[in-house]
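Student: My questions will all concern the structure given below.
Derivation of every value follows stated rules applied to the coordinates shown; laboratory data play no part. All values reported here derive from a predicted model rather than from experimental measurement. Positions of Cβ are generated from backbone atoms using ideal geometry, with glycine treated the same way; all protein chains shown enter the neighbour counts.
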Amino acid sequence: DAGVTQSPTHLIKTRGQQVTLRCSPKSGHDTVSWYQQALGQGPQFIFQYYEEEERQRGNFPDRFSGHQFPNYSSELNVNALLLGDSALYLCASSLLTSGVPLSYNEQFFGPGTRLTVL
Amino acid sequence: DAKTTQPNSMESNEEEPVHLPCNHSTISGTDYIHWYRQLPSQGPEYVIHGLTSNVNNRMASLAIAEDRKSSTLILHRATLRDAAVYYCILGYNTDKLIFGTGTRLQVFP
C-alpha cells in the first residue's frame, strides 16, 4: 500500500506566479484534505474534498482553490503567490463513505510539498 | 472551534514513561480527542483518539478526565524515535483538524 503521495517534493516560485500541487490518497480512501504548515507552526486546514466537491473550508482566501478527480486524487492551486505562501503543504486522506463516517476515520498524511516563494 | 492548551516542550529519558498533558475546557459533547504526532521532516501521523473512555493501542494510551476537560497521552517507554511534536486536537470524526503548536518532546539516550 503506497499511502498518501504528493508531488512535487519541493518547488520554488516567484511572487505573482501560480502553482499546482498534487496528491494521491491512500488506497481505498475517498476524502482529501489540504493543510498549510508555516515554519515552526502547526498545520492549518485549507479545505477538504469529498465526491469532487469542497466539503469544508478553512480561513484561506479565494486564491487557494482545489479540485478532486473521479479517482479521488486532488490538486491544490494557489494563484498570485505571495511571500507568505511559503510553507509545507500537506495532503491528508480519509474514508467518509456516503457522507457519514461509519466508524472513526483517522487521517493519513503525506510527506508534503515544500513551496518557496521568492 | 474548541481550543486546546499544551506545554511547549517536554523532555524524557529513553525507556522512561512520558505523560503529555492537554487541557480542553471548552470541549463539546461530540468532540473526539485526537492525538497526532509529527516526526522531523514528515507529515503528521495518527497516534490515538478517544471520546469518553480511556483508550490503549500499540503506540500509546489515552487517559481522559471524567469531565473531559483534560486528557493525557501516555507513552509507556519512550524511545529515541518518539522524539516529535505531539498535537492534541478536538473535533468531530472526519472534520478538519485544528492543530495548535503542540508539545515538542525530546528524548535523551
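Student: Would you grab the residues whose amide H sits under 5 Å from the one on B:Ala78? Only those 5+ places off in sequence or on another chain, please, with H modelled 1.01 Å from N.
Tutor: Correct list: B:Glu15, B:Glu16, B:Val18.
Student: Each residue of segment A:8-18 in order: what ³J(HN,Hα) in whole Hz does its phi give by Karplus 6.51 cos²θ - 1.76 cosθ + 1.60, θ = phi - 60°, with x for Gly and Pro?
Tutor: Karplus-based 3J(HN,Hα) across segment A:8-18 equals x, 6, 9, 8, 10, 10, 10, 3, x, 6, 10 Hz.
Student: How would you rank A:Glu75, B:Glu16, going from fewest to most other Cβ atoms within 10 Å of each one's own Cβ?
Tutor: Least crowded to most crowded, the residues run B:Glu16, A:Glu75.
Student: Right, another one. Excluding A:Gln37 itself, calculate the net charge of residues whose Cβ lies under 13 Å from the Cβ of A:Gln37, where each Lys or Arg counts +1 and each Asp or Glu counts -1.
Tutor: With Lys, Arg at +1 and Asp, Glu at -1, the net is 0.
Student: I would also like to ask the following. Treat the count of other C-beta atoms within 10 Å as a stand-in for reagent exposure and order B:Leu105, B:Leu80, A:Leu11, A:Leu95 from fewest to most.
Tutor: B:Leu80, A:Leu11, A:Leu95, B:Leu105
Student: Quick one: Karplus J couplings for segment B:17-23, per residue in order, coefficients 6.51, -1.76, 1.60, θ = phi - 60°, nearest Hz, x for Gly and Pro?
Tutor: 3J(HN,Hα) across segment B:17-23, in whole Hz: x, 10, 10, 9, x, 8, 9.
Student: Please give the charge dipole size of chain B, origin at the Cα centre, charges +1 on K and R Cβ atoms and -1 on D and E Cβ atoms. Round to the nearest 20 debye.
Tutor: 140 debye
Student: Please compute, over every Cα-Cα pair in segment A:33-118, the percentage with a separation greater than 17 angstrom.
Tutor: When all Cα pairs of segment A:33-118 are counted, 49 percent exceed 17 Å.
Student: Take the alpha-carbon centre of segment B:52-109, take the same for segment A:15-32, and report the distance between them in whole Å.
Tutor: 27 Å
Student: Bin all alpha-carbon pair distances of segment B:1-48 at 5 Å intervals from 0 and give each bin's fraction as a whole percent.
Tutor: Cα pair-distance distribution for segment B:1-48, in percent: 4, 15, 19, 27, 21, 9, 4, 1.
Student: Also, I was wondering about something else. At 10 °C and 1.306 mPa s, grab the translational diffusion coefficient of the protein assembly as shown from Stokes-Einstein with a Kirkwood Rh over Cα pairs, rounded to a whole number in µm² per second.
Tutor: Here the translational diffusion coefficient equals 87 µm²/s.
Student: Which ordering of A:Lys13, B:Lys96, B:Lys3 is given by a fewest-first count of other beta-carbon atoms within 10 Å?
Tutor: By the 10 Å Cβ count, ascending, the order reads B:Lys3, A:Lys13, B:Lys96.
Student: Ok, one more. Under a Cβ-only charge scheme (Lys and Arg +1, Asp and Glu -1), can you give me the dipole magnitude of the protein assembly as shown about the Cα centre, in debye to the nearest 20?
Tutor: Dipole about the Cα centre, nearest 20: 480 debye.
Student: Nothing charged except the Cβ atoms of Lys and Arg (+1) and of Asp and Glu (-1): what's the magnitude of the dipole of chain A about its Cα centre? Round to the nearest 20 debye.
Tutor: 460 debye
Student: Let me check the size of segment B:39-109 from its C-alpha atoms; what are the radius of gyration and Dmax in Å?
Tutor: 12.8, 38
Student: Now a separate question. So what are the ³J(HN,Hα) numbers for segment B:46-57, from phi and the Karplus equation (6.51, -1.76, 1.60; θ = phi - 60°), rounded to whole Hz, Gly and Pro as x?
Tutor: 5, 10, 6, 8, x, 10, 10, 9, 5, 9, 10, 9
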